[in-house]
Structures are given as C-alpha cells and as structure tokens.
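Trainee: This is the structure I have questions about; it appears just below.
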C-alpha cells in the first residue's frame, strides 16, 4: 500500500488511493518497519535529535526541535533510557522494547499526515504497548491517518481501535468499523464469550490450527465460511464501479520531497557520522593501526635505500607499495564498513529524509579530520623518511599529496563497489577485480609500453598508473644514483643509475608529475559522482525466496512417536538466593559499574510455567543469560555475580548448566537463511537428539515438532534474511523455539518466546510449553504481553521493576492477594498480568503521574521481603553427581561432521552470489593476468614482466581472506550458538568449514593455472601447470586460514580486515621482488610468509634456462644489462632450491590452517580465561564489590 515494494516478480491488483489519487508522494508519510535499524553507538536522545533535524522542516527552530524530542521521549516512556546507547549484540545497550519505541519515535518526529506501523508493539511489555497505541490514537484524533499491523493487543488496546481489517492467510475476513466487528461475527454464529479479549477471540476464529489433520480440517472449514461470508457481504454492500479486476503494474516509487535542504541534511549527517566514528574505537584504532603498521613495517623493509642497482629496483617497489597497496587496504576496509552503514542510508532514502549527495558529502566531511587527513599524513611521514627518500620539502609534499588523493580515490571507489552490490561478497569481488586491473596497468609489474595493444589503453583509465607515475617522477626525474664507475652521467656504464633512464624503462612520459596529480583529482570526483548516480538509480531490492518443496510431506498424519521411557521422572528445582548482577565497563580513561539486578531470591519449580515479568529495562534478559551462564567477560566488560543459584540444593558447575539447560534467545540470528524450515529442524534433530535414536526416529521427531509449532504451511519455505525475503518474523521465532525444544530438555529458558507472534500462535506455543512443563521439566519464560487466558497456567512469577528490583516472587495464584494486601486491588475483569505490569511501571509520560508512580514502585520494592519465600523443596536429584549424569553429551565428531557437511553444502549452494564470488575472485585474477601478460617475451622489458607476473600471484593471499570474510562470520555466529548449547565440538565445525571451502579453492586454482600457464606463455608442460596450481592453492589457503584466525580473535570484522590487510601487504612486499635488501630481523619473520616460498620456487622453475635480448639504447658497454634467467635469479637472490621451497610452502599452508584451528579452540574453550581464574584473577575486587553492593539503599535502586 505504501509503495515500498518493487520488483519484476511483484504483481498487484486494484488500486490504493490517497485522497482520491494514486500518487502518494505528495503526502507526508512515515513508515515504522519491523526491524530496528538504528546506530548502536548513539544514545536514544541523540538518535531522536538527529532524526528531528533530518525530518522537520527548516522553519522549526532549534528550541522547538529540542522540545519535540523531549515530548516524544516522554510520550514513549523513554525518559530513563534517554542517555543509554542503543547497543547491539556485541555491546549491551537498550532493551528490545526500548529500541522498538525509539524506532517509533524517529518516525513520529517527522510529524506525518500518514503513518504506517508494522508490528510497533512487538517486544514491548503490555503497559508500554498500551501507551504507544494510546499515543497513536491521540495522533489520529488530531487528524492524522494511522495504519497499524498488530499481533497481540490487550483488551484495552482493542477499545482504542477505530477500524479493523482482519486477514486470514491473505484473505479478508472483515474490514470495517471496530465497533461493528463483534456484532458481525455474532451473526455468523461466532458469539464472543464474556470476559474475553476481543482481539484474541477474533484471531482464534480466523486462524488455522495445523498441528493435527483433524484440527486443520475443522479450522479450514470454519475460516472458509468466514471468508466466503465476507465476500458475499462486500458484493452486496459496495457499489463496484468496475466489475472487472484491474491488474496494474507495481507503482514506480515516486521521488519524495525532502523536508530539509541539502545543506541542512549534510550538516546533520556530518555531525552524526562524526559522533558514530569517534565512538567506534576499534574502527578508528584499526585505521590508525593500518597506517602506522604499514608505514613502519614496510618502511623498515625498504629502510634507507641506497643508490645501487638493487636499491634503485627496491625504490620502485617502495613507490609502488605507497601508490597501490596502501590505497588497496583503505579500499577493502571502507568496502566492508559501507556494507554495514548502507542499510541505514537505504532506509532513510526510502523514507525521503536523506538525499544521495548529502550522504556522500557528509561521509567525507565527518572523517576529514579523524581519518582522511591523519591516515595518509601519518603513513607519509613515517614511510617517506624510513625509506630514505629526498629530504626536500617540495618532494615530500608531492608524495603526501599523491597518497592523500589515493586515500580519497579508494574510499570513493569503495562507495561505487557497494552501490553495485550491497553484500560484502559481491562488493569485494568488484573491488578486488578493479584493483587487479589497476595494478596490472600501473607500469610496475608489466612495463606500460609492452602491455598487449588490446588492453594497453586501460593504463590511461587506471588511477594507480597515474599515482605510481607521479611518485616515480617525483623520485627519479633529474636524479642520479651511486654509479661505481667514474665519469658520472657521461659514462655509458652509468646509464642504469640515471633517474631519467629508469623513467624511460618504466615507460612513463616526460614531465610526468602535475598531469597525473590532476588526473587523480579527476578520478576521485568521477568515482564519487558515479557512486551517486548508482545509489540514486540502482535501488537496493529485497529478493523473494522461492519455496524448496521436499519429495513428500512427512508431517501429515504422524502420530506421536514412542520414545524410550526414562527410568523415572527426574525434576529440577532452581533457587536463586540473594542473586544479583553488576556489569563493570572499562575504557582507556575510566572504569564504571552499572547495576543490572539487585539481590533477589526466587524459586522456579518443575511442572508449571515459571514466568519473569517486568517493563523494558528491568533486567529480564540479563537474568536469563546469567542463569544460563552465557555472560562472557571481555577486554571492556566484566560481569560481577552475587549470591547463589542452586539446583535441588546443589550449586551446579558451568558445564552442567550448559548441558541440562536449553536457551531460546530473543533474536533469531542462529538460523541459516538458505535452509527451509523443515531442513533446519531435521538438521537440528540430527545434531541434538540422542545417538540411540535412529535417523528415521529423529526425522519423525522433527516433523512432530514442526506440527506442534504450527509450521506446516511454511515448512518448505526458506528462512530468509534482510536481503532475501523468506518466512515472517513470527515464523522465525517459532523455528528458533522448535530447535530448542527438540531435545525436550530438563531446564528450558525462553527469552520473549511470544514476541512477534499473533495471539493464536502464542496460545498454541504456550500449550506446547505447558505440555513440556507437565512432563516434569523446569521452564522459565520472560514474557511481555501474555493473553488473559494464559495467566491461570502460570506457576511461579518473578516481577521485576525497572533497574532490576524484585517486587514479587512466588506463586502466581497468590500474587493478586499479595498486592491486595498492599492496597492494590485488581479489578475483576482485568488481565492480572496487565494489572501487575501497570502497577510496577513508572509512568514517564507526565510529570505528575511520574512522581506518583515512582513513589508507588518505591513502596512496593520496600514492601517485598525475601523471607516470604519458603525454603525450596528438594527434587528427586540431590547430589552434584546425579546432576552431572543428566548432562547432554555433544554429538560425536563423525555424526556431527556428516550432518554439518550436508547442511553447509546445501546452505552454500543456495547462495549463488557467494559461489560466484568465491570462484571468480581467483579465476578473475587469472583472466586479468592472462590479458595483460600474454604472451611473455624474451626482451629486456620481459625481465620486469616475468617478475611482475610472479608477484601478481601474491594477491591470491588477499583473495583467500576476502573469501573468508564473505562466509565465515555468519557460519561462526551459528556455530557459537550451537556450541553454547553443547551440540557439537570445535573440531566438527572446523572440519566442516575446511571441507566445504577447500574444494572451491582447488577447482578455482586449477582453472587459474590453466590461464596463468598456457595463456600467459610459460612452459606448456604438466610440471609447470601443477607447480602454478599448487602455489595458487597454498597462497589462497593461507589467506583463508588467516581470515579464520583474525575473525575468531576479533568480532569487529572491520578491525580484522585492517589487521589482516597489513599482515598480507607486508608478506607481499617481502616476497623477494619488490624489496631486494630486507633487514635481517624481518628476513627471519619472512620465513613465515607463504609468498616468500611461492616466489622462491616459481622463479627458478620459470626463469632458469631463459635468454633475454635488448635494444641498442638499452645496452651498457655493448651488452644487455641482463642476458639470462640465471642473472635475474642472482640479482633478486632467488637462486635457491625450488624443491625445498615447494615443500616449505606446503608445510606453511598446513601450519597456517592448524594455527587457525588452535585459535578457534583457545577462544571457544576459553583457555586463557580458565587459566586466569585458576590463578585467582579478580577475586579480591569481586569481594570488595560484593560488600559495596549490599549497602545500596532502596532510594538508589528506584533512582
């Protein structure tokens, strides 16, 4: 309806009219999507402030903007979270509900006439949900049009509705006045029982229960009658103007007028980008590490170059390193960073609040003083003087100016790459092939005048050609180096020491300094303009996933499988005694502690649903994570636990907790996007169910759970992700729950399992959970908006006020009596859960109500006494040994590997963009090499060309890294979740990953060798072919291994890219061609580089026995400077044993992969953390903190 969907596969019928017109572009509208796309480092207030400046017209002054922001903060009850960072999965910030309200606030600030909201109450507690809908009703009463989709409205929210559209699987069941809805359904024979939530009742009527064949048949008949009745009602009620249904093409997205000027947008975006950048220390530190690391290490490699022939050739390598490699590293990092940042830009562009020019200009203005100038300046100062270039000020400024322009060209070209492809795999493919073309045509690896004529023109389109040319002209023009013969320039024997001769040998024109610098300025401008055009007209679309039907429907008609009867029902009582949690945050300058949970005592018993309730920000998720022992310390965060958690009176170890507890997280990021629902559950069953079950039994169990969770209709649909539309958010939620309940664990912790689900689905899932609880399992659930008919099924309830303060912990049946004794009587027909949440929530919308409600909550906190909780009863297990016997064993290596390899293969082959990128990264490099180097000749220029060919194989090191970044982070995140559940081992994941990636490396390297050997013109024999293929494979494999290691050590992928890029660049420079005199210390480290061993074996195999010719002007004392391949090997010190170098390269590839495994093993099994604990690290501080923790007053807790 809003015109946000585009695509050739989209087919719409009918019309959407806005004030009688199909053109919605003239109406000021806003759209709240289901996903919260927010910047994690900004606070709530900053997010809303920037949104106000972008969305409100310039006629609104600064004071009015600030006032509107504060009003929205109060209206959405965000006052206490106003100065809290949004946060993300890596850095804790706002709760899910607070993020949801912030997203709504961002759209409210645009003051729209028409407001679309897709599930605005998902993730909100019932009190917050009611306040949000009440706010929307107030806006509607002021003349605005509000259209909301909603899943589980509480009964009071139903009373706020004016008009309702009720849908059942895309079919309208009712559309009209909310007041007439219930009478209409009563006429159809669906009379609502008294004291029932109308919304829940109506959703139950139009929902289809597909958990059994009989229930599904009855529901389909009922819903069919309802839908047909509405169709008949419409045909008799509405006077249709056109009897025929009109099929229309999807509307072209009309350009929306921005409320703010380009100058205003640029100013706001610049300020926002500046703030986000300086609050990303890992990103900034990564950029500086890259600049300083590259400058120092490569400067050390080229340290104080002399004027000998080897020094002159090393100068060329040093200048190429500055002109090309430094810019390449910036290109890779900016490409990665943009693939993350572009999501917010795409959404703000769809909303018409940000223009392409403002985005592009602000991005560079914000980073002008913190990245764009410092990075090239630091690199230039260190590198220039390390290498020993001329101390002339003008020459240095020319050098710095060229590096600065390369920096801007790199970031502009990265923007072009991301404009072409939004995912990193595609964008990095464009960037890598683009850079490869640049490096070929630059005149270093292949003499620019000997490039084949059909691609020689590309040197004029290669910015690296101009940058390398400008630096060479700056260094060599007019220079004369240390000729050992007398006579200086006049002696023909000193010709090779003349800088002008070097320029001629490289093939650069005369007077080649200012012209290439002007060309570089043109490139930077052209790339940015090109990026702007692509971003403007090449819109990012969400692809629609196709169903992947299986051969048969195994879920139909299945009866409950008979399981091996346990020897006895073994139950687990969980008791929290004085349980609290603080988090200590550390930075370079300061250390501070935030209180998450104040000491609480509570019991959670088996056999019933134990529920934790509280408003957003009350610490519910943190409590569950803490109980599941999933809070991990890192360099900036340390968690401090207080009190005890016992199971049947015994304190369990971390291994026992991980084994007997299953944990359903709030998000669904552990699902593989390219698998169907059925496949996901079957693979999960294979991995999680006990080994005594047969494959058929596991498959049957997966189908049973699929039916129980109501997933039959979407069983063969792909999960999907942000780029590929798959199943709905509610269906993903059910799949996540289904995966965890497959094993029917003894203890099941569920964090917001009903978030994003409609009322009927929520009820059906709660039925499943109740069934699990009645089997003697201990279920602990956090819940925001429970249905009114669910409360009677609750066992124990823990109520938490904001700030982690306990208000009630005990039997649900006693809760209302307890509050009545405190003077708070629950009205007879009010949902008790909604009543409790309203009671313990501070009303932040109005100052007078805030003071009253804050005082009420303070009294409730003071009134609660942990002595009211009786000592926990002892279950059937009483000893730690018996607890340990219940531990779930991980799947064996062989079984896990068999399942994981099938899952990974299927997931990978359904992502064609990654498959293409993986193969084309290597094959594309081979194609470019063959275009530029074929055919290799035997003249003097061919010496440079043949060595350039060898060093051009080194970029496969980068290719391996890029292939890893495109796949590994996603696979790693899924593995981390499975590992936390104790499903399979590090070895199983690692073997699966290398088994999936190595075949692609082998195939692509064999194709590469065909191009590099036969097309380029090396010896056309089997030995040369397999030597090149083996070298290509080992180099690529080492790059992939480094990717595994760095992306395991650092979850910040951008920082990993920077660190790896420096490492790989240094290895390329020290390969033996670019630098001929490497310092002794670095030569030792160079033995760890696969590039050294690769060039060390390929050079002898490809150069020995060759004879070179030259032209008369190139002769020195009547002879060619280099006449044989052996002379080349001697000059470059490459005349070693090629067989030993090949063996060393193979060993290097194996060692790199083994070290990657060790890093993964150390990180996941937390060897260093365990060692620190054994040494007693941090115990003293924790004891001090615990003492201080107990002295906090109630007033501090409420505040």
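Trainee: Go through 94-106, 1081-1093 and give me the packing order, highest mean Cβ count within 10 Å leading. Intermediate results must be reported in sequence, preceding the final value.
Mentor: On the way: 94-106: 25.2, 1081-1093: 18.7.
For the peptides 94-106, 1081-1093, the packing ranking is 94-106, 1081-1093.
Trainee: Quick check on the chain: what does the Kirkwood estimate of hydrodynamic radius come out to from the alpha carbon pairs, in Å?
Mentor: It works out to 33.5 Å.
Trainee: For residue 513, project a label point 7 Å along Cα to C-beta. Then give me every residue of the range 393-413 with its amide nitrogen under 11 Å of that point.
Mentor: Within reach of a label on residue 513: 393-399.
Trainee: Still on this model: Arrange the following residues from fewest to most other Cβ atoms within 10 Å of their Cβ: 141, 902.
Mentor: 141, 902
Trainee: Expressed in whole Å with the largest first, what are the equivalent ellipsoid semi-axes of the range 1043-1148 derived from the C-alpha gyration tensor as the square root of 5 times each eigenvalue?
Mentor: 35, 16, 11
Trainee: Set the Förster radius R0 to 41 Å, insert the Cβ-Cβ distance between residue 1154 and residue 646 as r into 1/(1 + (r/R0)^6), and round the FRET efficiency to 0.05.
Mentor: On the way: r = 42 Å, r/R0 = 1.02.
FRET efficiency, residue 1154 to residue 646: 0.45.
Trainee: Oh, and also: Could you work out how far apart the two model spin labels at residue 637 and residue 893 are, taking each label as a point 7 Å from the Cα in the direction of the beta carbon, and quote it in nm?
Mentor: 3.3 nm
Trainee: Ordered by packing density, taken as the mean number of other Cβ atoms within 10 Å over each peptide's residues, highest first, how do 650-658, 130-138 rank?
Mentor: Going by the mean number of other Cβ atoms within 10 Å, highest first, we get 130-138, 650-658.
Trainee: Something else now. Helix-only estimate, please: 222 nm mean residue ellipticity of the chain, summing -39500 (n - 2.57) across DSSP H runs of length 4 or more and dividing by its residues, to the nearest 500.
Mentor: When only DSSP H runs of four or more count, the value is -17000 deg cm²/dmol.
Trainee: Still on this structure, I have one more. As I understand it, the value is the acute angle between the Cα axis of helix 178-187 and the longest principal axis of the Cα atoms of the chain; what does it come to in degrees, rounded to 10?
Mentor: 60 degrees
Trainee: While we're on this one: Give the order of 696, 971 when sorted by the count of other beta carbons within 10 angstrom, beginning with the fewest.
Mentor: 696, 971
Trainee: Here is a follow-up. How large is Rg over Rh for the range 894-1165, taking Rg from the Cα atoms and Rh as the Kirkwood inverse mean of 1/r across Cα pairs?
Mentor: 1.03
Trainee: I've got another one for you. So how far apart, in nm, are the two label points at residue 590 and residue 141 if each is 7 Å from Cα heading toward Cβ?
Mentor: A separation of 4.3 nm, rounded to one decimal place.
Trainee: Taking the range 884-1004 on its own, what percent of its Cα-Cα pair distances exceed 23 Å?
Mentor: Taking all Cα-Cα pairs of the range 884-1004, the fraction more than 23 Å apart is 48 percent.
Trainee: Kindly put 766, 817 in sequence by how many other C-beta atoms sit within 10 Å of each C-beta, fewest to most.
Mentor: 817, 766
Trainee: Just to check, using Stokes-Einstein with a Kirkwood Rh over alpha carbon pairs, what's the diffusion coefficient of the range 666-783 at 20 °C and 1.002 mPa s in µm²/s?
Mentor: Using the Kirkwood radius from Cα pairs, D works out to 148 µm²/s.
Trainee: Expected output is a single nm value to one decimal: the length gained when fully extending between residue 285 and residue 1088, i.e. 0.36 nm times separation in residues minus the C-alpha distance. What is it?
Mentor: 286.5 nm
Trainee: Debye calculation, C-alpha points only, no solvent: report log10 I(q)/I(0) for the range 28-242 at q = 0.13 Å⁻¹, in the same order as the q values.
Mentor: Taking Cα atoms of the range 28-242 as identical point scatterers yields -0.84.
Trainee: Further question: Report, in degrees rounded to the nearest 10, the 0 to 90 angle that the Cα long axis of helix 1179-1189 makes with the longest principal axis of the chain.
Mentor: With rounding to tens, the tilt is 40 degrees.
Trainee: How many nm is it between the label spots at residue 1023 and residue 67, if each spot is 7 Å from the Cα in line with the beta carbon?
Mentor: It works out to 8.8 nm between the two label points.
Trainee: Using a Förster radius of 30 Å, what is the FRET efficiency between residue 1117 and residue 936 based on their Cβ-Cβ separation? Nearest 0.05, please.
Mentor: Computed FRET efficiency for residue 1117 and residue 936: 0.65.
Trainee: What's the ranking of 1107-1119, 610-622 by average number of surrounding C-beta atoms within 10 Å, highest first?
Mentor: Values: 1107-1119: 12.2, 610-622: 24.8.
Ranking the peptides 1107-1119, 610-622 by packing returns 610-622, 1107-1119.
Trainee: Quick one: helix 1053-1069 against the long Cα principal axis of the chain, what's the angle to the nearest 10°, folded into 0 to 90?
Mentor: So the helix axis and the longest Cα principal axis differ by about 20 degrees.
Read the figures in this text as sums done on the coordinates, not as results from a lab. Here the structure is a predicted model, which is why all the values come from computation and not from measurement. Every residue, glycine among them, receives a Cβ derived from its backbone with ideal geometry; neighbour counts consider all protein chains shown.
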